[in-house]
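*Asks:* Structure provided below as structure tokens; questions to follow.
Every number here is computed from the coordinates shown, using simple stated rules; none is lab data. Keep in mind that what you see is a predicted model, and the values were worked out from it rather than measured. All Cβ positions, glycine included, derive from the backbone under ideal geometry; neighbour counts span all protein chains shown.
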Amino acid sequence: MRLSRVGYFADFVVYPTLLAFLSWTTLRHALPTQRDDWMLAAGAGLAAWTLLEYLLHRYVLHHAIPFRRMHALHHASPTALIGTPTWVSVALIGGLVFLPLRHELQAAIASGATAGLMLGYLWYVGVHHAAHHLRTRPGSYLFKAKQRHALHHHSRRACNFGVTTALWDNVFGSARADAS
Ligand SMILES: [Zn+2]
Ligand SMILES: [Zn+2]
């Protein structure tokens, strides 16, 4: 949905704060083994985000009502301040990821996996913002991400649903390197 300037950039303040809080509260008194568990879980959460990003973009944002209509607004006006309100994404990650994991698993693992997922989400909103608003250095990671995402917006064939990585587009056969 359309957001105010403050609403649009809130992710870049709220997520680093939540990440710092989540890491600090879990790790400050943790045993070395719990720290290792946290790091492993964070890596798994980050990796899981890349797949979730692909699936959410391809199947929810492009097919499920009402998200499809909201996402079409972004496709029509790529530089408008359109996105998911921070309180919505935080509530979804808290309610659908952190609380169920906390119920089933040790605190260090639940916290680490949630932190990894949040880091992935922050990575995604950052790269997506850069793809539409920033100049990027030719050959850099952001330049390639921007080119890939431009094809997602402008190609006649549905393609390049991954924003942070082309991995899942390559796995599921939706990767395109040109506008054919
Ligand atoms: Zn899209
Ligand atoms: Zn876009």
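*Asks:* Working from Cα positions, state the angle (0 to 90°, nearest 10) between the long axis of helix 107-133 and the longest principal axis of the chain.
*Replies:* For 107-133 against the chain, the angle is about 20 degrees.
*Asks:* If you take the charge dipole of region 5-136 about its Cα centre, with +1 on Lys and Arg Cβ and -1 on Asp and Glu Cβ, which of 21, 106, 122 is farthest toward its positive end?
*Replies:* 122
*Asks:* Can you give the Rg/Rh ratio of region 47-99, where Rg is from the C-alpha atoms and Rh is the Kirkwood radius?
*Replies:* 1.00
*Asks:* Compute the acute angle (0 to 90°) between the alpha-carbon long axis of helix 67-76 and the principal axis of greatest extent of the alpha-carbon atoms of the chain; round to the nearest 10°.
*Replies:* 50 degrees
*Asks:* Relative contact order of the chain: what whole-number percent is it, with Cα pairs under 8 angstrom and at least 6 residues apart?
*Replies:* Averaging sequence separation for qualifying contacts and normalising by length gives 29 percent for the chain.
*Asks:* Give me the three principal axis extents of region 23-80 from the C-alpha atoms, as integers in angstrom, largest value leading.
*Replies:* For region 23-80, the Cα extents along the three principal axes come out at 50, 21, 17 Å.
*Asks:* Still on this structure, please answer the following. Quick one: if you stick a label point 7 Å off each Cα along the C-beta vector at residue 73 and residue 158, how many nm between them?
*Replies:* 2.2 nm
*Asks:* Calculate the dipole size of the chain relative to its Cα centre from +1 charges on Lys and Arg beta carbons and -1 charges on Asp and Glu beta carbons; express the result in debye to the nearest 20.
*Replies:* 680 debye
*Asks:* Let me ask something else. Kindly provide the helix-only [θ] at 222 nm of the chain, computed as the sum of -39,500 (n - 2.57) over DSSP H runs of four or more divided by all residues, to the nearest 500 deg cm²/dmol?
*Replies:* Numbers: 9 runs with 117 residues, N = 180.
Computed ellipticity for the chain at 222 nm equals -20500 deg cm²/dmol.
*Asks:* Using the eigenvalues of the Cα gyration tensor, what equivalent ellipsoid semi-axes result for region 5-136 when each is taken as the square root of five times the eigenvalue, whole Å, largest first?
*Replies:* Semi-axes, largest first: 29, 16, 13 Å.
*Asks:* Further question on the same structure: Counting other C-beta atoms within 10 Å, which of 104, 53 has the fewest, and how do the rest follow?
*Replies:* 104, 53
*Asks:* Against the globular-protein guess of 2.2 N^0.38 Å, express the Cα radius of gyration of region 81-145 as a ratio, rounded to two decimals.
*Replies:* In units of the 2.2 N^0.38 Å rule of thumb, it is 1.42.
*Asks:* In degrees, nearest 10, range 0 to 90: what is the angle between the Cα axis of helix 32-55 and the longest Cα principal axis of the chain?
*Replies:* Roughly 20 degrees between the two axes.
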